[in-house]
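The values are calculated or read from the model by the stated rules, or taken from the named source; none is laboratory data. Note that the coordinates shown come from a computational prediction; the quantities given were computed from them, not determined experimentally. Ideal geometry is used to build each Cβ from the backbone, glycine not excepted, and the neighbour counts take in all protein chains shown.
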Amino acid sequence: MNINFRGATVWARKTIESDIFFWKPAEWFKIWFYIITKVNHKDTKPFKRGTNYFNWSNEGIQLKKITGNSWHECIKWLKSQKMITTQKTTRGIIITVCNYALYQDFNTYKNIDKSDDKSEASPKQVRSKSDTINNNDKNDNNDNKRERDKRENSPSYLKNIPEEDLIRFSNTYACNKYQIKTKAESLLLWLEKKGRVYKNYRAGLQDCLLKDFGKRSIKKEIIIPKGVEVIERG
């Protein structure tokens, strides 16, 4: 099968803090990078966006110096982390990258980069044609909010933190996804041991992250006007 490797893929800078980059064998990230690159970037007749066919006898040629065992162990781990799903075929597997469209969209990272502490705009600024939004949309929003509240008010939230929250927390606090998951697990054990409960487990986790890691500092770039000489002090 001929693969079109033209174009580009999108990678967040915080990828270097991901579990597969930071904790797993070096070959695994190479495999992950290869999968992201090979899956379709748009829908085609045989496969949808984020999906493609893989066969180790073919992939082994592309992934030099990587053993078949590393390939299969990595695939197994990616599935356990819900990063991919697989479907067996006669000669190989069909791999689908979960949330491919989300992470291959620049707007995703623009939204994440916005500060959580940014004050809400005044009613006059946000008021527009949205005043005429229909009742169906309002009902959908209410249903989504109730579902979100139900999830955040349950201890199971600490066992299965939504990916969007992991990204937001790792951008807000000075920690990575692995540290967030570890803190959530230890928090859950502590609550069970003490027989305590939280009204909102998401908020409780955020309090712990703030206390243990603090907020991530934002470095501002200093722009020096042309013609201005900078003198370094010894």
Within the range 21-40, which residues are of a type in the set (A, V, I, L, M, F, W, C) and either in contact with a Cys (Cβ under 8 Å, 6 or more places away or on another chain) or at positive phi (or both)? TRP28, ILE31, TRP32
Report, by residue number, each residue of the range 201-211 that is loosely packed, with under 13 Cβ neighbours inside 10 Å and either on the phi > 0 side of the Ramachandran plot or touching a residue at least 12 places away in the same chain (Cβ under 8 Å) (or both). ALA203
Quick one: would you say GLY7 is touching a residue at least 40 places away in the same chain (Cβ under 8 Å) and on the phi > 0 side of the Ramachandran plot? no
Hits in the range 39-95 (condition: closer than 20 Å to PHE21 by Cα and of a type in the set (Lys, Arg)): LYS64, LYS65, LYS76, LYS79, LYS82
Tell me, yes or no, whether the range 41-64 has at least one residue that is among the basic types (Lys, Arg), on the phi < 0 side of the Ramachandran plot, at pLDDT below 95 and part of a helix (DSSP H, G or I). no
Please enumerate the residues belonging to the range 42-64 that are touching a helix residue (DSSP H, G or I) at 6+ places or on another chain (Cβ under 7 Å), among the charged types (D, E, K, R) and closer than 23 Å to ALA26 by Cβ. GLU59
Would you check which residues across the range 212-234 are surrounded by 10 or more Cβ atoms within 10 Å (Cβ to Cβ) and modelled with pLDDT under 85 and list them? ARG216
Count, please, the residues in the range 49-87 that happen to be under 19 Å from GLY7 (Cβ atoms) and without any contact (Cβ under 8 Å) to a residue 12 or more places away in the chain. 0
Among the helices (runs of 4 or more DSSP H) lying completely within the range 127-211, list those that include at least 2 residues that are among the basic types (Lys, Arg), at pLDDT below 90 and not assigned by TED's automatic domain parsing to the domain that holds CYS98. 135-152, 177-194
